1. If you take the beta carbon distance between LEU17 and ASP202 as r and set R0 to 25 Å, what does 1/(1 + (r/R0)^6) give as a FRET efficiency, to the nearest 0.05?
2. Comparing ALA106, ALA196, ALA119, which has the greatest mean-square fluctuation in the GNM of the chain with Cα pairs linked when under 10 Å apart?
3. About its Cα centre, how strong a charge dipole does the chain have in debye, to the nearest 20, once Lys and Arg get +1 and Asp and Glu get -1 at the Cβ?
4. Using a 1.4 angstrom probe, figure out how much accessible area the chain has per residue, in square angstrom, rounded to the nearest whole.
5. Using the reciprocal of the averaged 1/r over all distinct C-alpha pairs, how large is the Kirkwood radius of the stretch 44-129 in Å?
6. For the stretch 89-212, max minus min Cα coordinate along each principal axis, in Å, sorted largest first?
7. Based on the Kirkwood radius over alpha-carbon pairs, what is the Stokes-Einstein translational diffusion coefficient of the stretch 142-209 at 20 °C with 1.002 mPa s viscosity, in µm²/s?
8. Listed highest first by mean packing, meaning other Cβ atoms within 10 Å per residue, what order do 27-36, 72-81, 176-185, 13-22 come in?
Amino acid sequence: MNIKLAPSLLAADFSRLGEEVKNIEEAGADYLHLDVMDGHLVPNLSFGGPVLQSLRGQSNMVFDAHLMISEPHKYVESFAKAGADIITIHVECDSDIGETLDKIHALGKKAGLALNPDAELSRAVPYFDKIDMLLIMSVYAGFGGQSYINDVNDKIREARRLLGPDFDIQVDGGVYLHNLHVPVEAGANVIVAGSAVFGSDDPAQAVRDFKA
């Protein structure tokens, strides 16, 4: 199983974003995870398309846009144009999920579907044929620095069983070096790490440690 690391920009130093992104890319990070929050679907605000666009010209990493917004159908085109390579929406959103996933593909991007920790995997199953990645949240979406919720491990295992060995299953929230083995052993292969990378004293070394 090919394990990929996706550091979350949410935990970066926003006064020096270009430098932060360059450092983790040179250290071997696979994706840049971009947490977009609308203050409605989740109780926090973050950033929008202009931040992606400003970084796109400085990085060759896969831009992994996680849209924690209520009506993603209205915004997927703007994020595609800003440079996102993967656009993930939440099963809890208000937009028509199937139509939004189809729109993401029509824009030439990969589509992901995210589940909060209390959402049953069965809610995502009808869309398995429309997605390129399943994101299983291991904290409640909205804030960084939370602790990993171990109850999601059964969901990860069941998703891996249903989706097969080669499908991308992403886990986001509370993953550090000391517990990295937990989601990986359950079957996750795309690991989001925010505080553990950008919140460390040396983010580039943190990336190398994770990759090792």
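The values are calculated or read from the model by the stated rules, or taken from the named source; none is laboratory data. Predicted model only: the values in this text are computed from it and were never measured. Every residue, glycine as well, gets a Cβ built from its backbone with ideal geometry; the counts of neighbours run over all protein chains shown. These accessible areas exclude ligands, DNA and RNA; they are computed on the full protein's heavy atoms, side chains included. Shrake-Rupley method; radii C 1.70, N 1.55, O 1.52, S 1.80 Å.
1. Values: r = 17 Å, r/R0 = 0.69.
With a Förster radius of 25 Å, E is 0.90.
2. Evaluated over the chain, the most mobile residue of the options is ALA106.
3. Numbers: 17 positive and 31 negative charges, 64 e Å.
With Lys and Arg at +1 and Asp and Glu at -1, about 300 debye.
4. On the way: 9110 Å² over 212 residues.
Each residue of the chain exposes 43 Å² on average to a 1.4 Å probe.
5. Numbers: mean 1/r = 0.0754 Å⁻¹.
Kirkwood radius, the stretch 44-129: 13.3 Å.
6. Principal extents (Cα only, largest first): 43, 30, 27 Å.
7. Working: Rh = 12.6 Å.
Estimated diffusion coefficient is 170 µm²/s.
8. On the way: 27-36: 23.2, 72-81: 18.7, 176-185: 15.4, 13-22: 13.8.
Ranking the peptides 27-36, 72-81, 176-185, 13-22 by packing returns 27-36, 72-81, 176-185, 13-22.
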